[in-house]
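The values are calculated or read from the model by the stated rules, or taken from the named source; none is laboratory data. This one's a predicted model, so the numbers in the text were calculated from it and none came from an experiment. Every residue, glycine as well, gets a Cβ built from its backbone with ideal geometry; the counts of neighbours run over all protein chains shown.
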Amino acid sequence: MPTPHPRPALHFGSDGYRGVIGDTYSWEHVARMTAGTAGYLRDSGAEMGAPVLIGYDTRFLAPYFARAVYHALREEGFSPAISTAFCPSPYLSFAVKRMGAPMGIMITASHNPARYLGYKLKGPEGGSALPDVNKAVEKLAEKAEPDYDPEPAFAFTQEYDEFDLRDEYAEVMKGYAAPALVDCSFDLTIDFVRGATAHVYQHAMQGLGLEFAAIHTERDPLFAGGKPEPTPEQLEELTGWVNAGSGTAFGAAFDGDGDRLGLIDESGQFVPPEDIYAICLLHLVEDRGLRGRIVKSVSFSTLIDRVAQELGQQVVEVPVGFKHSTKELVQPGTLMAAEESGGFGFGFHLPERDALLALIIVLSAMAERKAQLQELREHIAERFGHPHFHRQDIPLAGSAQAEAVGKRVAIIRDNPELAGIQTVRISELDGLKIVFPEGFLLLRFSGTEPLLRIYCEHEAENLEKELTQRVREFLFIN
């Protein structure tokens, strides 16, 4: 007898479910997650006929998966509405809150390589679904045996209820801009990384009255062979645009679904996320007089602690994955939350990362302080110092290697001196974090890809890279 086809496993990572298209991401996976979502909505008291909003990015088959989810939710008795075009995740969160929907579903793999697609949940508060919601949906999806028909999603004659809140979103973004921004002009180039942001974010930026050059606004499911991630490696072309411009030229870039921001300053240097966070904090507290708790992921730089301490603000550290920051942002009194990968959320907006809002806050800081981006960074370094941060992502060749590496991580946990570390404190909030007098080392397995991530910060330049390499050699010894 033929071997039965194994039932696909489902596990929600740091922000929803992600898998390889046609392998660990298929209609069977998505159908079960949709059934789990519908079951959760019923169990939580959502009214039958309630609106459920669906967004999608520019990846291969993403629009069709979104339409198939739409038809499945109709079968479940809900009233879904789908975005009029590719849309950023933060925009979907905004629409969920604005329209009073009990849930939003975003078909995206965010910054992951082109072969991935994903399924993100957005809660009624307007942010990533909280951890207990994800767990409940995952549990229901594991048991589900739906029999939805995806074929209508491929019929061009089908009509869909749609939502379009671009004007409302643009008006809200305009309200967050500093008054000084009105009289400013910038030599700014924005890289839309061939992702889902151009349709919504260009419209909002134009509403601010700001001129900018836009590149990579076209759809490309393969992202020109790269990753839609605002990292130095992926922003070489944007850096070239900045270097070819005037001395005041700088650049901004979003990730594939618009919740992460990357910047290139006027010197052509990549701006690390901790600098962006510090610029935003100083502007909000010192220029606008705002106060509140500061939330950061366990992997983020201690520069944030230094800035917050001088500003007299409490710091809260959370696991990686913005759903944990969402839990903090929905609490009164939280000013800002961010993660090391470049996602920034603001308590006065929504409990959600929003790369466009972060860019507007940075531009507002430049306008209020009459300073270039590079000058703001220099001010931070002079005032707070600047520890040196390094992150390395190491692919894992299957579960056997992951298990072997995990055992060696445990050895380092029990014997940090093997890596030459004089331990001050060990945290296992998310992965293994070893804090030492000059910085920290964090080892954690990715929740969305088969990777081990090594994060290291050190007071002395280049020692962060040396320590990372030493630890890598120990973990992956033959």
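A few remarks follow.
- Lone qualifier among Leu350, Leu335, Leu376 - being surrounded by 20 or more Cβ atoms within 10 Å (Cβ to Cβ), of a type outside the set (Asp, Glu), part of a helix (DSSP H, G or I) and not assigned by TED's automatic domain parsing to the domain that holds Ala249: Leu376
- Residue under evaluation Phe78, criteria (1) at pLDDT below 95; (2) over 27 Å from Pro113 (Cα atoms); (3) of a type outside the set (A, V, I, L, M), criterion not met: (1)
- Filtering Met103, Met99 for residues that are crowded, with 24+ Cβ neighbours inside 10 Å and in the same structural domain as Ala141 (by TED's automatic domain parsing) leaves a single hit, Met103.
- The listed residues are Asn112, Asn134, and the only one of them that is part of a helix (DSSP H, G or I), modelled with pLDDT under 95 and surrounded by 16 or more Cβ atoms within 10 Å (Cβ to Cβ) turns out to be Asn134.
- Summed over the range 56-98, the residues that are within 15 Å of Gly256 (Cα to Cα), hydrophobic (A, V, I, L, M, F, W, C) and assigned to a helix (DSSP H, G or I) give a count of 2.
- Count of the range 11-54 residues, restricted to those that are touching a strand residue (DSSP E or B) at 6+ places or on another chain (Cβ under 8 Å), in contact (Cβ under 8 Å) with a residue 60 or more places away in the chain and in a strand (DSSP E or B), is 8.
- Test result for Ala253, surrounded by 24 or more Cβ atoms within 10 Å (Cβ to Cβ), more than 15 Å from Ala308 (Cβ to Cβ) and of a type in the set (Gly, Ala, Ser): yes
- Members of the range 150-173 found to be surrounded by fewer than 16 Cβ atoms within 10 Å (Cβ to Cβ) and not hydrophobic (A, V, I, L, M, F, W, C), listed by number: Glu151, Pro152, Thr157, Gln158, Glu159, Asp161, Glu162, Asp164, Asp167, Glu168, Glu171
- Scan the range 122-157 for residues that are among the polar types (S, T, N, Q) and either under 20 Å from Gly49 (Cα atoms) or free of Cβ contacts under 8 Å to residues at least 40 places away in the same chain (or both) and the total you get is 1.
- Which listed residue is surrounded by 23 or more Cβ atoms within 10 Å (Cβ to Cβ) and not assigned by TED's automatic domain parsing to the domain that holds Ser128, from Phe12, Phe94: Phe12
- Per the conditions (1) under 26 Å from Leu350 (Cβ atoms); (2) surrounded by fewer than 24 Cβ atoms within 10 Å (Cβ to Cβ), the sole criterion not satisfied by Gly195 is (2).
- Among the residues of the range 239-280, those that are of a type in the set (A, V, I, L, M), touching a residue at least 40 places away in the same chain (Cβ under 8 Å) and not in a helix (DSSP H, G or I) comprise Ala249, Ala252, Ala253, Leu261, Leu263, Val271.
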